[in-house]
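Enquirer: I have a structure here, written as C-alpha cells, and I will follow up with some questions on it.
What follows is calculated from the coordinates using simple rules that are stated; it is not laboratory data. Nothing here was measured: the structure is a model prediction, and the numbers come from that model. Neighbour counts are summed over all protein chains in view; Cβ atoms, including those assigned to glycine, are modelled from backbone coordinates with ideal geometry.
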Amino acid sequence: MPSRPARSLRPVSAVLAALCLLGGAAGCADRPARIELSADDTIKAGQRALTDQCLARRGLTPPGSGSGPRGEAEQRRVSQALFGTGPAELSLSLPTAYRGVDLASVRRTHRTELADWRRMRSRALERARALLNRAPDQRAARTPRG
C-alpha cells in the first residue's frame, strides 16, 4: 500500500493564531483550547507526564523537553533512571500457536484475559484524564513518588 504524505498543520495553526489575535475568539485569551485525544494518546500523555515528573524530582531533564542538548553523562543518568542499571531481564513469548484459528475463537478462549485488559485500560484512561485535567502544579503535588 503506498504511503500518503503527511498533511501540514500550518494552515490550521495560522487560522487559530489569527483568531486569537482578533480579540481572543473562542476563549483563546482566557485559557488554551482543549484538544481531544484518543484513548491511546491520553494514556500515553499521562504516562509521559508521570515519567517527566519522576525525572524532574531526581534533578534530571526529561527527554524531548526542549531544554537544549544534554551531555553524554546526563543522557546516561536519564537512561538509568528510566530503565535501571542492571542487565535487561525482560522476556516475552508471543502466542504463535493461533495460526489458522479465527479471531472470534481466540476471543472466546481468552474472554477472562480480555475482560481484565479492558478493566485495566479503562482505569488507566480514567486516571490519565484526571491527571491531565489538573493544573501542572497540582499534578506534581498529587502524584505518587516512584
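Enquirer: Using label points projected 7 Å from each Cα along Cα→Cβ, tell me how many nm separate residue 39 and residue 133, to one decimal.
Expert: 1.7 nm
Enquirer: Right, something else. Given points 7 Å out from each Cα along the Cα-Cβ axis, report the residue 56 to residue 109 separation in nanometres with one decimal.
Expert: Reported label-point gap for residue 56 and residue 109 is 4.6 nm.
Enquirer: Among 103-114, 121-132, 84-95, how do they line up from the highest to the lowest mean number of other beta-carbon atoms within 10 Å?
Expert: 121-132, 103-114, 84-95
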